[in-house]
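For reference, the structure discussed in these notes is given below.
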Ligand code: 2AM
């Protein structure tokens, strides 16, 4: 199974994120039920490894924190803009929690994550035609801001890749103290 550790976004943030889904030709909006913040992508694991991941997360002592979404950005691949995301306000509490998750994943036997943590919520995948319209779109939504909202649990998600969109399923919730 394919897993990742993240934050299932509270309703208050989802309402605000929905305001970003305006006209942007060529944007394939991520279905609302798939909105999340990834703290650690785990990837394909065996059932035994999944158990170790679950155990490591269950023993992690994380603290609640306030999550604020702010600003917009894009991911580029081969010089092309391929995804649009909402940013996350820098927060020592979130960084600390993400570090704890990383340590827990290594305790569960995963190789260390080499990529720097760059928290974001992907809201759309972009086709070529959306690129020309992007500057105006980004300008119109530049001041996007949602929250702060208290986050009181982590979630272990499974991900099933599909033809249209992936299906992300919250499998286990781990309360934050
Ligand atoms: P993304 O939204 O920027 O694509 C499930 O795929 C989640 O894990 C997504 O939030 C995705 O980020 C993130 N992720 C991080 N590294 C990944 C990888 N190597 N492959 C797929 N998804 C990854």
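Just so it is clear, none of the values below were taken in a lab; they were calculated from the coordinates. Everything numeric in this text was worked out from a predicted model, so none of it was measured. Ideal geometry is used to build each Cβ from the backbone, glycine not excepted, and the neighbour counts take in all protein chains shown.
Sort 108-114, 84-90 for me by packing, meaning the mean count of neighbouring Cβ atoms within 10 Å per residue, highest on top.
Result, highest mean Cβ count within 10 Å first: 84-90, 108-114.
Whole Å is fine, so just give me how far the alpha carbon centre of segment 98-177 lies from that of segment 1-21.
A separation of 8 Å, based on Cα centres.
Take every Cα-Cα distance within the chain, group them into 10 Å bins from 0 onward, and report for each bin the whole-number percent of pairs it holds.
The distribution over the chain is 9, 37, 35, 16, 3, given as percents.
Order by neighbour count: 11, 75, fewest other Cβ atoms within 10 Å first, most last.
11, 75
Using only Cα atoms, locate the centre of segment 64-87 and the centre of segment 23-44, then give the distance between them in Å, rounded to an integer.
If we compute the Cα centre of each part, the gap is 10 Å.
Can you put 33, 164 in order of Cβ neighbours within 10 angstrom, beginning with the fewest?
164, 33
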